[in-house]
Amino acid sequence: MSSSSVNDAVQLQRNRIFSSKLYFDVPRSKVPIIYSESYDISFLGIEKMHPFDSSKWGRVCKFLVSIGVLDKKCIVEPLEASKDDLLVVHSESYLNSLKESSNVATIIEVPPVALFPNCLVQQKVLHPFRKQVGGTILSAKLAKERGWAINVGGGFHHCSAERGGGFCAYADISLCIHFAFVRLNISRVMIIDLDAHQGNGHEMDFAYDSRVYILDMYNPGIYPLDYEARNYINQKVEVKSGTLTEDYLQKLDEALEVAGRRFDPELIVYNAGTDILDGDPLGRLKISPEGIALRDEKVFRFACEKNIPILMLTSGGYMKSSARVIADSIDNLSKKCLIEDKQGS
């Protein structure tokens with residue numbers, strides 16, 4: 001590609017980002033916790049054929065409201081990412097591939113979806129994903145303004161610009177970071193990916209981008225086994241199947257200390273999958289619910305002590321108990337004053 005066509009592509013990307021409606025002003029009466037009822041996927045029951053709990057996001061919010069951490073009226077509702085928004089990272093050919101129900105079925109690992117008309121697949125599966133993408137992108141703006149933000153969804157870390165997979169149809173992490181570069185004038189981002197699975201999507205997207213530092217702590221013996229993408233991880237921490245809470249947290253402490261010495265970010269994107277939970281059929285690690293709350297507390301404390309804005313995404317987690325574990329962890333962050341209650345301020 002010639003330098004002039006590269007410049008044209010960069011300018012087109014910037015124009016798309018500046019003309020996007022996904023960044024909007026959020027009143028101070030709202031808390032930087034982002035969710036929409038549209039996140040939850042309900043598709044004639046066939047969503048139950050995938051181990052992912054596709055109503056997890058709504059259940060997290062219900063728990064947060066029931067334990068008094070959150071007032072329903074204070075939740076931020078994002079906009080759906082448009083085609084132009086998605087083209088900031090994705091190619092036209094990749095987005096066109098999602099017009100084939102069979103391709104979507106492969107990406108979300110639910111074969112019967114291939115049998116449905118694409119208009120239904122767009123409405124029932126891809127619309128919820130695009131709404132979550134809007135939430136992830138907005139969360140960076142809110143994190144910069146308030147110090148932190150939590151998208152009760154997103155974290156589609158297996159999707160890159162040209163390829164989806166592993167229940168991830170859009171590269172929300174890559175999109176969020178590109179928006180932050182342009183709209184927030186940020187030039188250094190750290191991804192802390194603590195989902196049990198390797199985050200091969202964002203690793204491919206930022207393979208040669210020194211503005212992004214990736215700390216990925218994952219089980220090397222499970223999906224996606226993407227050995228090429230592993231070459232692009234700045235800091236690899238491999239945790240084998242059966243790893244227990246104490247060992248896991250010790251490795252995390254050591255990893256955060258190293259990351260803090262190596263890189264000075266202006267924004268942290270924290271991919272906080274709960275598939276590390278003991279009993280999770282896909283993650284195969286043995287971390288207790290209390291261990292997950294401690295993990296999240298350590299990451300938020302790392303950001304807080306360095307005064308770095310942090311956004312959290314809930315990513316993977318394949319047990320019904322995940323929703324409660326996430327809500328309890330957010331409750332713990334609140335109790336430890338790592339997420340200040342901004343309501344009414």
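When segment 302-320 is filtered for residues that are at positive phi and either in a strand (DSSP E or B) or not small (Gly, Ala, Ser) (or both), only Asn307 remains. Taking segment 34-148 as the region of interest, the helices (runs of 4 or more DSSP H) fully inside it that hold 3 or more residues being of a type outside the set (Ser, Thr, Tyr) and closer than 30 Å to Ser334 by Cα are 56-66, 127-146.
Taking residues in segment 322-345 that are assigned to a helix (DSSP H, G or I) and modelled with pLDDT of 95 or more, and partners anywhere that are hydroxyl-bearing (Ser, Thr, Tyr) and open to solvent by 10 Å² or more (accessible area, probe 1.4 Å), the pairs with Cβ atoms closer than 9 Å and at least 6 places apart or on different chains are Ala323/Ser55; Ala327/Ser66. Scanning segment 158-183 for residues that are outside any helix (DSSP H, G or I), in contact with a helix residue (DSSP H, G or I) (Cβ under 7 Å, 6 or more places away or on another chain) and either modelled with pLDDT of 95 or more or open to solvent by less than 10 Å² (accessible area, probe 1.4 Å) (or both) yields His158, Cys159, Ser160, Ala161, Glu162, Gly164, Gly165, Cys168, Ala169, Tyr170, Ala171. Say whether the condition of being part of a loop (DSSP other than H, G, I, E, B) and open to solvent by 10 Å² or more (accessible area, probe 1.4 Å) is met by at least one residue in segment 242-258. Within segment 242-258, one or more residues are part of a loop (DSSP other than H, G, I, E, B) and open to solvent by 10 Å² or more (accessible area, probe 1.4 Å). If you filter segment 11-33 down to residues that are of a type in the set (Phe, Trp, Tyr) and assigned to a loop (DSSP other than H, G, I, E, B), you find that the one that is surrounded by the most Cβ atoms within 10 Å (Cβ to Cβ) is Tyr23.
Going by the structure shown, is Glu92 open to solvent by 20 Å² or more (accessible area, probe 1.4 Å) and either at pLDDT 95 or above or under 20 Å from Lys21 (Cα atoms) (or both)? The answer is yes for Glu92.
The values are calculated or read from the model by the stated rules, or taken from the named source; none is laboratory data. Predicted model, so just to flag it, every value in this text is computed and none were measured. For neighbour counting, all protein chains shown are included, and Cβ atoms are generated from backbone atoms with ideal geometry for every residue, glycine included. Surface areas here come from the heavy atoms of the whole protein model, side chains and all, with no ligands, DNA or RNA. Shrake-Rupley method; radii C 1.70, N 1.55, O 1.52, S 1.80 Å.
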